[in-house]
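The values are calculated or read from the model by the stated rules, or taken from the named source; none is laboratory data. As the structure is a computational prediction, the values presented were derived from the model and not from experiment. Backbone-built Cβ (ideal geometry, glycine too); neighbour counts: all protein chains shown. In case anyone asks, the SASA skips ligands and DNA or RNA and just uses the protein heavy atoms, side chains included. Shrake-Rupley method; radii C 1.70, N 1.55, O 1.52, S 1.80 Å.
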Number of protein chains: 2
Amino acid sequence: MPTKTSNMQIIKPANNKHTIRCQDCRIKQLCLPVMLAESEVAHLDTIVHRGRPINKGQHLIQAGDSFNGVYAIRSGSIKAYTISVDGLEQITGFYLPGEIIGFDAISSGFYPGFAKALETSAVCEIPFERLESLAAEIPGLQRQIFRTMSDEIVKDQDLMLQLNKKSAEQRFGSFLVNLSFRFGRRGLSSQRFRLPMARSDISNYLGLAVETISRLIAQLQDDGLVSIQKREVEILDMNKLSVLAGTSCHQ
Amino acid sequence: MPTKTSNMQIIKPANNKHTIRCQDCRIKQLCLPVMLAESEVAHLDTIVHRGRPINKGQHLIQAGDSFNGVYAIRSGSIKAYTISVDGLEQITGFYLPGEIIGFDAISSGFYPGFAKALETSAVCEIPFERLESLAAEIPGLQRQIFRTMSDEIVKDQDLMLQLNKKSAEQRFGSFLVNLSFRFGRRGLSSQRFRLPMARSDISNYLGLAVETISRLIAQLQDDGLVSIQKREVEILDMNKLSVLAGTSCHQ
DNA sequence: CGTGGTTTTGAACAATCTCAAGAGTTGTGG
DNA sequence: CCACAACTCTTGAGATTGTTCAAAACCACG
């Protein structure tokens with residue numbers, strides 16, 4: 001199968017160009033190395049595979065692939081989605097630099113969903129068996145894996161609440177506030193940022209129609225809370241937006 | 001504070017009556033001991049606290065309590081829920097024997113939500129720091145914790161899909177099929193079982209109105225798929241119900 | 001400078017909610 | 001053991017949010 005594009009082939013063996021050590025990684029505070037001693041980070045670094053960047057639209061993970069590891073996003077952005085038996089696509093999350101995708105595959109040994117690059121992105125593949133062994137040796141690493149998975153659970157439960165109990169306006173407001181928080185955490189502006197995803201991805205994620213997102217954007221602009229030109233977002237009144245969203249900064 | 005009912009006080013020191021060792025536990029195949037050698041189970045057993053059963057309506061976990069451990073359900077059933085800033089309750093899951101609650105507290109160090117007994121229930125408290133240490137020594141245990149947390153993520157993502165993309169009928173159908181599966185897995189009948197929760201809990205969990213649940217029950221009975229008398233469920237046509245639900249057995 | 005995808009806007013429609021009221025159930029105290 | 005109070009559940013009818021369908025404007029990219 002020369003044209004097969006499984007994740008194992010996308011992630012090419014590391015070469016100099018794409019090899020940035022964990023120790024030197026800009027976003028190590030957001031990733032597994034947080035809380036580790038320098039020597040421990042170096043140890044972790046030895047098991048990480050880095051490949052060439054994956055292009056927009058390319059799949060990092062295909063549903064049904066057997067689980068070999070988790071992927072830390074180094075740059076770019078990834079959307080994770082599942083497809084139900086009746087063919088409906090459901091986006092389960094957007095992953096930004098420092099965030100890790102693939103923990104949902106541990107239980108069954110197969111990735112339950114897809115992961116696709118929203119733009120050119122660099123990811124670090126972390127083989128899970130080796131990560132497990134290392135976690136048994138480095139308590140801080142084990143702890144950080146538990147934390148990251150726990151974060152994922154909290155994020156999903158918060159989204160559940162959004163979908164169940166909040167209006168379209170509140171959902172979209174929360175979405176913007178949450179993105180703003182995650183950009184700010186990386187040292188980027190939390191006032192101005194670029195949406196990496198299409199309107200249809202936002203609507204899918206939030207359980208709304210694309211048209212509803214368009215209308216909400218128009219409305220929030222009329223109210224002077226935000227300014228959104230294409231994918232460029234400027235948050236004009238974070239307080240009002242947070243109140244409207246009914247959240248602090250998580251969603 | 002003599003009337004305070006924090007989780008630490010609910011779980012009384014073990015006594016003979018409530019001390020069932022992990023090795024002898026009926027549901028060890030569904031719980032952390034699965035995959036462990038006998039001696040490893042014995043080791044795990046030494047860190048588990050078992051208390052007297054908690055009564056219906058009593059809280060096992062209060063939101064904001066500091067994280068000390070996870071709880072394995074031994075008997076009964078527990079509902080987990082969060083309360084949003086504007087006071088809305090959102091049930092995030094129902095936990096049955098063999099299932100473990102509390103992993104969402106690892107990331108922040110505080111339980112983000114509440115856990116309340118739907119009926120008299122017995123739980124095993126597993127202090128997390130000790131569990132971490134033990135997990136570092138017993139690879140199978142570490143693996144099983146990862147699996148359990150991964151399961152939780154998958155469960156939440158599936159529910160997300162339900163809430164976003166499925167009709168009220170499909171959601172309720174999936175809910176029944178999923179419960180059926182979980183009862184069957186415990187060796188109980190998957191055809192006939194008793195709902196541990198009220199209609200309002202089901203509606204809250206599924207993002208519907210109570211009235212909608214009532215109407216759906218009436219409808220599914222008219223169609224001859226199920227028979228539901230009060231909380232006693234009998235599934236009359238599992239095939240049709242599964243097709244309607246659009247799932248195999250997970251939700 | 002077309003072609004295909006994305007975004008916006010309008011208008012009618014539908015699924016589910018809300019409100020309201022009644023029936024059934026459970027628990028409690030006299 | 002009965003009666004009252006408090007829930008829980010069911011059923012009906014109208015209201016509403018967000019959807020669907022349709023079409024035009026905009027953009028990106030070859």
A 1.4 Å probe over the protein heavy atoms gives the stretch B:138-214 a carbon and sulfur accessible-area percentage of 48
Amide H partners (placed H, <5 Å) of B:G93, local residues excluded
B:A80
Separation between the B:Q58 and B:L188 pseudo-spin-labels, each 7 Å from Cα along Cα→Cβ, expressed in nm?
2.0
Going 7 Å from Cα along the Cα-Cβ axis for the label, what nanometre distances separate B:K230 from the same residue across the other copies?
6.4
Ranked highest first by average number of other Cβ atoms within 10 Å, how do A:153-159, B:66-72 line up?
A:153-159, B:66-72
Bin by bin, in steps of 10 Å, what percent of the Cα pairs in chain A do you find, going until the bin that has the longest distance?
7, 29, 35, 21, 7, 0
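Hey, can you list the DSSP H helices of chain A whose Cα span along the axis is 20 Å or longer and whose average Kyte-Doolittle score is at least -0.5? Show your work: numbers first, answer last.
Numbers: long enough: A:139-165 (39 Å, -0.62); A:168-185 (26 Å, -0.09).
TM-like helix candidates: A:168-185.
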Leaving out ligands, DNA and RNA, calculate the buried accessible area for the pair A and B with a 1.4 Å probe, summed over both sides, in Å² to the nearest 100.
4100
The answer for the net charge of residues other than A:A198 whose Cβ lies under 15 angstrom from its Cβ, with Lys and Arg +1 and Asp and Glu -1, is +2
Nonlocal amide H pairs with B:F110, under 5 Å, H built at 1.01 Å
B:F67
Under a Gaussian network model of chain B whose springs join Cα atoms within less than 10 Å, the largest fluctuation of B:I228, B:I91, B:I73 belongs to B:I228
What list of whole percents do you get for P(r) of the stretch B:166-245, with Cα-Cα distances grouped in 5 Å bins up to the one holding the largest distance?
3, 16, 28, 30, 18, 4, 0
Using a 1.4 angstrom probe, figure out how much accessible area the protein assembly as shown has per residue, in square angstrom, rounded to the nearest whole.
42
Under 13 Å, Cβ to Cβ, from A:N68 - net charge with Lys/Arg +1 and Asp/Glu -1:
-3
Checking A:E232, A:E152, A:E40 against a Gaussian network model of chain A (alpha-carbon springs below 10 Å), the top fluctuating residue turns out to be A:E232
A 22 angstrom limit on the alpha carbon distance is what I want to check against. Which of A:K79/B:K240; A:K79/B:K79; B:K79/B:K230 exceed it?
A:K79/B:K240; A:K79/B:K79
Rounded, prolate or oblate (a/c below 1.5 giving rounded, otherwise prolate when a/b exceeds b/c) for the stretch B:82-135 by Cα gyration tensor:
oblate
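How much net charge surrounds A:A80 when only other residues with a Cβ under 9 Å from its Cβ are counted (Lys, Arg +1; Asp, Glu -1)?
Around A:A80, the charge tally is +1.
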Choice from A:D24, A:D45, A:D65 showing the highest fluctuation, given a GNM over chain A with Cα pairs closer than 10 Å:
A:D24
